[in-house]
Amino acid sequence: MAIADVTVIPVGMEGPSVSQYVADIQRILKKHEEEGTIHFQLTPMNTIIEGNLSDIFTVIQEIHESPFSKGVPRVATSIRIDERRDKPSTMESKMKSVKEKL
């Protein structure tokens, strides 16, 4: 299982607010979560997506395209991926490991 940190940045809008684009992306992520392909968590600065790497890439392409469908002329998407193959790793297990050491 992989965990991806994704930030989609719409560029070239009239105003500075991006919350509507973030909401659109969260609806897409919710649809995929309901289908059982991913799990996700919104943070104030990004979204964390957990799932099989191929599913994550499919979802990232869809959320990258989302602002374009609303007329945004440019989109910059940053992706950081953490994938362990030696043992299962989830968002929850990573947080639990840190908390146990505090």
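The numbers here are math on the coordinates, done by the rules we state, and not lab data. Not measured: the values here are computed from a predicted model. Cβ: placed from backbone, ideal geometry, glycine included. Neighbour counts: every protein chain shown.
Key figures for this structure:
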| item | result |
| --- | --- |
| Proxy reagent accessibility, fewest Cβ within 10 Å first, across Thr47, Thr90 | Thr90, Thr47 |
| Ranking of Phe40, Phe68 by count of other Cβ atoms within 10 Å, fewest first | Phe68, Phe40 |
| Approximate shape of segment 1-57 as ellipsoid semi-axes (Cα gyration tensor, √5λ), whole Å, largest first | 23, 12, 9 |
| HN-Hα J in Hz across segment 72-77 - Karplus 6.51, -1.76, 1.60, θ = phi - 60°, x for Gly and Pro | 5, x, 8, 9, 10, 10 |
| ³J(HN,Hα) computed for each position of segment 2-15 - Karplus, 6.51 cos²θ - 1.76 cosθ + 1.60, integer Hz, glycine/proline x | 10, 10, 10, 9, 10, 10, 9, 10, x, 10, x, 7, 6, x |
| Backbone HN-Hα couplings from phi across segment 16-28 [Karplus 6.51/-1.76/1.60, Hz, Gly and Pro as x] | x, 6, 10, 4, 5, 5, 4, 4, 4, 5, 5, 5, 4 |
| Residues with amide H under 5 Å from that of Val75, placed H, sequence gap 5 or more | Val11 |
| Length-normalised contact order for the chain - Cα pairs under 8 Å, 6+ apart - percent | 45 |
| Segment 13-45 versus segment 67-102: alpha-carbon centroid distance in Å | 13 |
| Mean ellipticity per residue at 222 nm, deg cm²/dmol - from DSSP H runs of n ≥ 4 across the chain, formula -39500 (n - 2.57) | -14000 deg cm²/dmol |
